[in-house]
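Participant: Sharing a structure with you now.
The values are calculated or read from the model by the stated rules, or taken from the named source; none is laboratory data. What you are looking at is a predicted structure, and each value in this text was computed from that prediction instead of being measured. Cβ atoms come from the backbone with ideal geometry, glycine included; neighbour counts cover every protein chain shown. Keep in mind that these areas ignore ligands, DNA and RNA; they rest on the heavy atoms of the full protein, side chains included. Shrake-Rupley method; radii C 1.70, N 1.55, O 1.52, S 1.80 Å.
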Amino acid sequence: MFGQVTETPQNEQTPFYPRSPYAGGEALRHWITVNYRESYGLHASSGILFNHESPRRGSSSSLAK
């Protein structure tokens, strides 16, 4: 969704700049959710999930195999 970012880490204010069809679809789903929430007064949330690495993550992850 963010593509070529101008800041790291990204936050809620970082503009979208999708660089693939998948990322474009993710950005579209986000904005459709925002549109319905604001237009119809619905409770709707859009989560932006990130892959991440952490010292707390064990070596038994599927990526380590």
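Participant: Out of all the residues in segment 1-24, which are among the polar types (S, T, N, Q) and more than 10 Å from the chain's Cα centre (by Cα)? Quick ask: steps written out before the conclusion?
Facilitator: First, pick out the residues of segment 1-24 that are among the polar types (S, T, N, Q): 4, 6, 8, 10-11, 13-14, 20.
Scanning segment 1-24 gives 4, 6, 8, 13, 14, 20.
Participant: Given the structure, is residue 54 modelled with pLDDT under 80, assigned to a loop (DSSP other than H, G, I, E, B) and either open to solvent by 100 Å² or more (accessible area, probe 1.4 Å) or at negative phi (or both)? Break it down into steps so the answer makes sense when it comes.
Facilitator: Working: modelled with pLDDT under 80: yes; assigned to a loop (DSSP other than H, G, I, E, B): yes; either open to solvent by 100 Å² or more (accessible area, probe 1.4 Å) or at negative phi (or both): yes.
For residue 54, the condition - modelled with pLDDT under 80, assigned to a loop (DSSP other than H, G, I, E, B) and either open to solvent by 100 Å² or more (accessible area, probe 1.4 Å) or at negative phi (or both) - is met.
Participant: Take segment 25-51 and flag every residue that is surrounded by 10 or more Cβ atoms within 10 Å (Cβ to Cβ), under 10 Å from the mean Cα position of the chain (by Cα) and in a loop (DSSP other than H, G, I, E, B).
Facilitator: Result: 46, 48.
Participant: Would you please list the contacts, defined by Cβ atoms under 7 Å and residues six or more apart or on different chains, that run from a residue in segment 9-25 that is closer than 15 Å to residue 49 by Cβ to a residue that is surrounded by 10 or more Cβ atoms within 10 Å (Cβ to Cβ) and not small (Gly, Ala, Ser)?
Facilitator: Once the first residue is closer than 15 Å to residue 49 by Cβ and sits in segment 9-25, its partners that are surrounded by 10 or more Cβ atoms within 10 Å (Cβ to Cβ) and not small (Gly, Ala, Ser) give 10/2; 14/2; 14/5; 14/7; 16/1; 16/2; 23/1.
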